[in-house]
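Asker: Below is a structure I'd like to ask you about.
The values are calculated or read from the model by the stated rules, or taken from the named source; none is laboratory data. In this text, all values refer to a predicted model and were calculated from it rather than measured experimentally. Here the Cβ positions follow ideal geometry from the backbone for every residue, glycine too, while neighbour counts run over all protein chains shown.
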Amino acid sequence: MLTNSEWQNRILQGDCRKVLPKIPDAMVDLIVTSPPYADQRRHTYGGVHPDDYVDWFLPISEQLSRVLKPTGSFVLNIKERVVAGERHTYVLELIVALRKQGWLWTEEYIWHKKNCHPGKWPNRFRDAWERCLHFTKQKNFAMYQDAVMVPMGDWRHSRLKNLSETDKRRDNSRVQSGFGKKIANWIGREMAYPTNVMHLATECGNRNHSATFPVELPSWFIRLFTRPDNFVLDPFIGSGTTAVACRHLDRNYIGIEMNPDYIEVAEQRLEATVKPAPNLFTNGGVETSYGLK
């Protein structure tokens with residue numbers, strides 16, 4: 001078994017079900033990945049039938065839990081597909097199965113695909129969003145919320161100009177949810193925390209892979225859940241988008257990929273990637289696309 005330093009910034013060729021057992025226990029700070037969706041990428045990954053998806057994924061997630069630190073996070077980008085005219089339930093079934101396996105389903109983030117492909121279907125509209133499911137091993141986990149704050153926006157100038165008496169004290173929810181707000185606390189603030197909806201284009205700058213996400217997607221989660229020099233794992237790294245994000249942000253990456261052609265593309269992208277790029281993916285840049293509009 002390789003030592004931690006020998007895993008640093010490597011993309012390994014092979015089936016993640018065979019490679020993952022070689023990674024040391026509790027080594028990884030964040031897992032962020034987009035595995036092949038059910039019956040997708042037949043020409044690149046063979047495809048997994050929706051009815052078999054949970055059984056196929058659970059041995060993988062068992063290994064992911066083993067290699068993840070107790071304070072780490074697992075972000076799974078996935079989307080239900082349509083089978084026989086209706087959405088299959090394999091993603092919902094997978095969530096339930098992962099919870100039974102010991103994972104905590106801590107949060108769900110939505111990737112709003114701002115420029116999704118146009119089209120027409122007889123019983124639905126085009127897909128404009130995907131799930132990013134956030135799982136953890138325990139309730140207390142590493143999370144650096146200040147790293148993803150967004151500009152407040154010009155709306156605050158008129159909204160905060162004349163505060164009511166209610167605005168000056170904590171106003172609790174009328175439905176007893178425990179949520180409350182004090183508008184006066186926003187005075188003088190330039191930045192705010194984002195929502196759990198990420199407004200991103202689908203363009204990824206790479207057309208040599210059958211399914212890629214934009215580099216901004218893993219970048220956001222990497223900044224939210226890790227610090228520089230932490231380890232980020234993508235067991236389905238494809239053409240290396242997660243690794244590129246890690247290099248930009250001065251994190252260590254571990255990638256696993258079956259297709260040697262994709263690994264070659266990933267290595268070419270990494271060679272062309274500046275490390276680190278401190279002005280990339282920071283507040284005031286692409287971060288204005290997240291949450292607050």
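Asker: So which residues in segment 127-142 are closer than 30 Å to C116 by Cα, in contact (Cβ under 8 Å) with a residue 24 or more places away in the chain and not in a strand (DSSP E or B)?
Answerer: Listed by number, the list holds a single entry, D127.
Asker: Ok, one more. Residues of segment 125-151 being in contact with a helix residue (DSSP H, G or I) (Cβ under 7 Å, 6 or more places away or on another chain) and farther than 30 Å from L68 by Cα, which ones?
Answerer: The one that is in contact with a helix residue (DSSP H, G or I) (Cβ under 7 Å, 6 or more places away or on another chain) and farther than 30 Å from L68 by Cα: P151.
Asker: Pull out all pairs, ordered by first then second residue, where Cβ-Cβ is under 7 Å, the residues are six or more apart or on different chains, the first lies in segment 261-274 and is in contact (Cβ under 8 Å) with a residue 24 or more places away in the chain, and the second is of a type in the set (V, I, T) and assigned to a helix (DSSP H, G or I).
Answerer: Correct list of pairs: R269/V244; L270/V244; T273/V244.
Asker: Within segment 170-191, does at least one residue satisfy the condition of being more than 22 Å from T241 (Cβ to Cβ), at pLDDT 85 or above and touching a Phe, Trp or Tyr at 6+ places or on another chain (Cβ under 9 Å)?
Answerer: The answer is no; no qualifying residue exists.
Asker: In addition: Select from segment 249-262 the residues that are part of a helix (DSSP H, G or I) and surrounded by fewer than 21 Cβ atoms within 10 Å (Cβ to Cβ) and list them in ascending order.
Answerer: P260, D261
Asker: Still on this structure, I have one more. If the Cβ limit is 6 Å and pairs must be 6+ apart or interchain, which residue in segment 153-165 that is on the phi > 0 side of the Ramachandran plot pairs with which residue that is assigned to a loop (DSSP other than H, G, I, E, B)?
Answerer: That search, which allows pairs on different chains as well, returns G153/L292.
Asker: Across segment 148-194, which residue is surrounded by the fewest Cβ atoms within 10 Å (Cβ to Cβ) among those that are β-branched (V, I, T) and part of a helix (DSSP H, G or I)?
Answerer: T166
Asker: Another one. Can you name every residue in segment 236-248 that is hydroxyl-bearing (S, T, Y) and assigned to a loop (DSSP other than H, G, I, E, B)?
Answerer: S239, the sole residue that qualifies.
Asker: Then there is this: In segment 211-265, which residue that is farther than 16 Å from V148 by Cβ and polar (S, T, N, Q) is modelled with the lowest pLDDT?
Answerer: The qualifying residue modelled with the lowest pLDDT is T212.
Asker: Exactly one of these conditions fails for T195: (1) over 30 Å from A243 (Cβ atoms); (2) at pLDDT 90 or above; (3) hydroxyl-bearing (S, T, Y). Give me its number.
Answerer: The number of the failed condition is (1).
Asker: Within segment 216-229, track down each residue that is surrounded by fewer than 24 Cβ atoms within 10 Å (Cβ to Cβ) and assigned to a loop (DSSP other than H, G, I, E, B).
Answerer: R227, P228, D229
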